[in-house]
Amino acid sequence: MKRIGILSDTHSCWDARYARHFASCDEVWHAGDIGDADTLRRLEKIAPLRAVRGNIDHGDVARYCPEILLFEVEGVKVLMTHIGGYPGRYAPGIRRLLHQEKVKLMVVGHSHILKVMPDHELGLLHVNPGAAGYHGWQKVRTLIRLTLDNGTITDLEVIELGRRPA
């Protein structure tokens with residue numbers, strides 16, 4: 001059993017509550033638009049980190065983080081990318097990859113819209129944790145925690161960090 005903390009779109013924002021909310025997590029996943037390498041270093045101090053680069057990530061972040069990660073944790077095949085779309089509206093090539101790899105959990109960012117939805121056709125759960133940073137048009141900053149255990153995804157929690165300043 002592994003507890004996972006998921007965030008996206010920090011845009012160089014650090015909030016000490018990331019560490020507090022993810023303290024019980026075995027891994028932290030960042031779905032892109034990280035912003036700077038300092039954010040990566042701070043997240044790595046919480047738990048082992050998996051991160052993909054987003055469309056604003058350059059320099060050290062782009063060198064460290066791939067565009068797509070495909071991996072398995074606790075019997076759950078995961079695909080993480082920044083711009084992947086969502087069920088019914090996947091980015092080009094993503095639906096085929098999800099099907100070929102038999103992905104059970106897709107994690108994306110980019111839209112700044114918190115979205116958790118099943119894709120019944122492909123048999124997977126799509127998760128966009130929304131935006132954890134201050135940049136963008138989201139009204140509320142959010143994180144997600146969930147548990148992966150023996151091929152199942154359970155205990156999914158949405159954590160609200162409060163309203164984004166106007």
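Nothing in this text is a laboratory measurement; each read-out follows from the coordinates by a stated rule. Just so it is clear, the model here is predicted, and its values are computed rather than measured. Note: ideal-geometry Cβ built from the backbone for every residue, glycine included; neighbour counts use all protein chains shown.
Counting only aspartates and glutamates at least 8 places from LYS115 when in the same chain, those with an alpha carbon closer than 20 Å to its own are ASP9, ASP33, ASP155, GLU157, GLU160. Name the residue, out of GLY85, GLY109, GLY123, whose mean-square fluctuation peaks in a Gaussian network model built on the chain with Cα pairs under 10 Å. Most flexible of the set in this elastic network: GLY123. Running Debye on the stretch 19-69 with equal point scatterers at the Cα sites and no solvent, what base-10 log of I(q)/I(0) appears at q = 0.19, 0.20 Å⁻¹? Taking Cα atoms of the stretch 19-69 as identical point scatterers yields -0.56, -0.61.
In plain terms, if you count all Cα to Cα distances in the stretch 98-138 and split them into 5 Å steps from zero, the share in each step is 6, 24, 26, 17, 14, 8, 6, 0 percent.
Taken about its Cα centre, the stretch 72-166 carries a charge dipole of about 460 debye when Lys and Arg each add +1 at the Cβ and Asp and Glu each add -1 at the Cβ.
So for the stretch 36-121, Kirkwood radius off the Cα pairs, Stokes-Einstein at 10 °C and 1.306 mPa s: how many µm² s⁻¹? It comes out at roughly 113 µm²/s. Projecting the Cα positions of LEU148, HIS112, PHE22 onto the charge dipole of the chain (unit charges on Cβ atoms of Lys, Arg, Asp and Glu, taken about the Cα centre) puts HIS112 furthest along the positive direction.
Multiplying each eigenvalue of the alpha-carbon gyration tensor of the stretch 15-166 by 5 and taking the square root yields semi-axes of 23, 17, 16 Å, largest first, rounded to whole angstroms.
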